[in-house]
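To start, the structure under review is shown below, and the notes come after it.
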Amino acid sequence: MPEMSYAEALSQALVEIMEQEPRAVLIGGAFGPLGKRFANRIKQPPIAELGYCGIAVGAAMTGLRPIVSLGTASFIYEALPQVLNEASVARYGSAGQLSVPVVFHVRVGIRGAGAMQHSAAPQPIFWNTPGLQIAVPSSPADAKGLMLTAALRSQDPTIFIDHTRLHRLRGPVPDGPTEVPFGVAQVKREGKDVTVLATSVMVPRALEAAEQLAREDGIAAEVVDLRTLVPLDKAAVLASVAKTGRVLIADETQKSCGVGAELAALICEEAFFHLKAPVRRVAIPDVPIPYSKSEEDYVTPGSHHIMAGVREICR
Amino acid sequence: MGELSLETTKALLRRMLLIRRAEEQVIHFATDYKELLTGHYHVYIGQEATGVGVCHALQPGDYLFTTHRNHGHVIARGGESGPVLAEIIGRVGGYNRGRGGTFHVSAPHLGILHTSAIVAGCVPLAAGAALSAQQRGTSQISVAFFGEGAMDEGASYEALSIAALWTLPVLFVCETNGMAGGRREKGESGPRLVDRALALGITAEVVDGTRLAAVCDAAGRAVERLRAGSGPVFLQVQTGNTWPGHSGGRAVLQGGDFDLTWAYDAAAAPQELREWIETSDSVSILLRDLDRSGVLSRAAAIELDREVRAETQAAAKMALESPYPSPEGALQHVFGR
Ligand SMILES: Cc1ncc(C[n+]2csc(CCOP(=O)(O)OP(=O)(O)O)c2C)c(N)n1
Ligand SMILES: [Mg+2]
């Protein structure tokens, strides 16, 4: 299996999509080398996120499969009216008559010196908006596979969450049709003592923590990568919690009403009697993201937070 | 009526009357029944010539996007009053199985895909459908109907600007009805919204929306330009003085349903309506023109209206007899999978 970086895997996905799907159109500024080959299906919009995201939604209603690249996730806030009020409700409002197969690709998260307006983690906003799918790949293979699924198969809008700090992560990417289905979590590491639920950039951090916990504490942590938040693989979450009886949720979103909050609520409702210890969350404290390195590091959920949390609930 | 044949003219008048009578029925739903139409809603009375004139220039397969004031546009495009009325009262027989209601009447089979009640929400979407047609190499065009209020929203300018840049086949129809958010400050929205489109390099003109022939003429030329691939067109359609029955989101029928004889003799109409009938009501103006030019006599028009009223009554009956959707259906159609 060829090894490549997360960024290379994503570019490869885009090339395959453009080769296979004549209805695919790329809207946005970050398609570099693809530009020449598919020039007639790459649209470079002005800096008008609301306008071009809405245009992508209208195009998706009428037979295209647009992939919009907004760059930094903070910028999609400028387009929210079209994403939250139009794209997400069109199928529902038409009682199922309309499909909106559009992909919004955004780079989220604490990237290093992004400060308040280049570090956004908007997953909770989108998860709280019925009608949007959310892909949160953590590996090169999943980045490619989930992008292929979103762009080639999906009939509904997808927010594709890409994390800047994953771009250089290398890993194997299978050849051939490598679509990864939505709604299927992956157990990245088996363990019997505690479940660590993670997405996106927190998956490698959780794996690192699990290694160290095994070495230093003899704790066998099971790391479950959700891969998509919507649809959510509830069964995989509950099965792992039933097996270990302890759970820590690691997510790089703000803590209140964040990804961890919803998962914790789900577990309390549906797996409470399997629990041997309180549910723990590792998340960003409820603050915007600061600029200076010392402060930024302080608010970034890391493997050390995961280890500390696991040690507490496994005492 | 210039180039329009007698048959066409009659057909267009019929559409306008269908809209008028359907909208009156909507008001009856709200005022004559308990708990039938409890929310607010927006009627198209007076503006009929704009929707009908623009839609006359379209072909099957073209796209249409509209707003909270959509009922008239859907019927103008060929929508039937029954499913429109059923939708407005939330019944299964509606075009969207009652899911969308008055704010979101759409009819995908007529190219009316998704109706947004967010002011200016439809403007980027229409440009997007135009991009789709352009990319797929079809001759389809896309139309966005919106009010002057939408020209206060940023979304409109972003969409207009990109449409101009990408030469998209989209027709922007800005209907200035003297209302934006229930405010009625005559002239405040200004006759020159068109300048804003011109400033973005978009072909644009002001159209007299009280006259069907003027709308047909401008829309016809616009559509020709769009199909030739010459880029977007913006029409500022002045729909005249606001219909006096608008009252926030709950309209009132002064003097009851419109009596066609008022069109010919405004003095017979309720005081509040007289000036509007004389200067602004596109239905009244068309009726008088047709009568004067001998194209359609008063008697013939009244006969046509009788048919339309019977059709509207049947449509209302169909809507009222249509059941509410089953409650747990509310959980369906969030996703296609
Ligand atoms: C984004 C947004 N803001 C406010 C409203 C509330 N609202 C409903 S209709 C309306 C006025 C719209 O005026 P105009 O665009 O001229 O359309 P008209 O009602 O005259 O057809 C407003 C402000 C809304 N629907 N959407
Ligand atoms: Mg208005």
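The values are calculated or read from the model by the stated rules, or taken from the named source; none is laboratory data. Treat the numbers as computed from the prediction; the structure is a model and nothing was measured. Cβ placement follows ideal geometry from the backbone for every residue including glycine, while neighbour counts extend to all protein chains displayed.
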From the list B:LEU160, B:LEU165, B:LEU85, B:LEU113, pick out the single residue that is closer than 15 Å to B:THR67 by Cβ, away from ligand 1 (no atom under 13 Å from the Cβ) and not acidic (Asp, Glu).
B:LEU113
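Is it the case, given these coordinates, that B:ILE162 is more than 16 Å from ligand 2 (Cβ to nearest atom) and at pLDDT 95 or above?
So B:ILE162 fits the description; yes.
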In the stretch B:1-101, which helices (runs of 4 or more DSSP H) lie fully inside it and hold 1 or more residues that are more than 19 Å from the chain's Cα centre (by Cα)?
B:6-32
Cβ pairs under 6 Å, 6+ apart, first in the stretch A:275-292 and part of a strand (DSSP E or B), second among the acidic types (Asp, Glu)
A:ALA283/A:ASP251
I want to confirm something. Restricting to the stretch A:240-254 and keeping residues that are closer than 18 Å to A:VAL108 by Cα and of a type in the set (S, T, N, Q), which single residue is surrounded by the most Cβ atoms within 10 Å (Cβ to Cβ)?
A:THR253
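Quickly run through the stretch B:165-178 and pick out the residues that are farther than 11 Å from B:LEU131 by Cα, in contact (Cβ under 8 Å) with a residue 60 or more places away in the chain and more than 13 Å from ligand 2 (Cβ to nearest atom). Show your work before the answer.
Start the filter on the stretch B:165-178 by keeping residues that are farther than 11 Å from B:LEU131 by Cα, which leaves B:165, B:171-178.
If we keep only those that are in contact (Cβ under 8 Å) with a residue 60 or more places away in the chain too, we end up with B:171-178.
Across the stretch B:165-178, the qualifying residues are B:LEU171, B:PHE172.
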Taking the residues in the stretch B:115-137 that are in contact with an Asp or Glu (Cβ under 7 Å, 6 or more places away or on another chain) and part of a loop (DSSP other than H, G, I, E, B) as candidates, determine which candidate is farthest from the other protein chains (Cβ to nearest Cβ).
B:VAL119
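Kindly indicate whether any position in the stretch B:86-101 is free of Cβ contacts under 8 Å to residues at least 12 places away in the same chain, under 23 Å from B:LEU320 (Cα atoms) and surrounded by 21 or more Cβ atoms within 10 Å (Cβ to Cβ).
Yes, there is a match, as at least one residue in the stretch B:86-101 is free of Cβ contacts under 8 Å to residues at least 12 places away in the same chain, under 23 Å from B:LEU320 (Cα atoms) and surrounded by 21 or more Cβ atoms within 10 Å (Cβ to Cβ).
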Across the stretch B:138-154, what is the total count of residues that are within 16 Å of ligand 2 (Cβ to nearest atom) and either assigned to a helix (DSSP H, G or I) or not hydrophobic (A, V, I, L, M, F, W, C) (or both)?
7
Going through the stretch A:275-297 one residue at a time, which ones are among the hydroxyl-bearing types (Ser, Thr, Tyr) and surrounded by 12 or more Cβ atoms within 10 Å (Cβ to Cβ)?
A:TYR291
Out of everything in the stretch B:262-308 that is part of a helix (DSSP H, G or I) and polar (S, T, N, Q), what residue ends up being farthest from the chain's Cα centre (by Cα)?
B:GLN271
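Looking only at the stretch B:28-76, count how many residues are within 14 Å of another protein chain (Cβ to nearest Cβ) and either surrounded by fewer than 21 Cβ atoms within 10 Å (Cβ to Cβ) or away from ligand 2 (no atom under 16 Å from the Cβ) (or both). Steps first, answer last, please.
Residues of the stretch B:28-76 that are within 14 Å of another protein chain (Cβ to nearest Cβ), as a first pass: B:61-68, B:70, B:74.
Now narrow it down to the ones that are either surrounded by fewer than 21 Cβ atoms within 10 Å (Cβ to Cβ) or away from ligand 2 (no atom under 16 Å from the Cβ) (or both): B:61-65, B:74.
Matching residues across the stretch B:28-76 total 6.
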Note on the stretch A:120-130: residues within 14 Å of chain B (Cβ to nearest Cβ) and assigned to a helix (DSSP H, G or I) are A:PHE126, A:TRP127
For a quick check of your reading: which helices (runs of 4 or more DSSP H) sit entirely within the stretch A:1-106 and have at least 2 residues that are more than 8 Å from every other protein chain (Cβ to nearest Cβ) and touching a Gly at 6+ places or on another chain (Cβ under 9 Å)?
A:6-20
Would you confirm whether or not the stretch A:131-153 contains a residue that is on the phi > 0 side of the Ramachandran plot and in a loop (DSSP other than H, G, I, E, B)?
yes
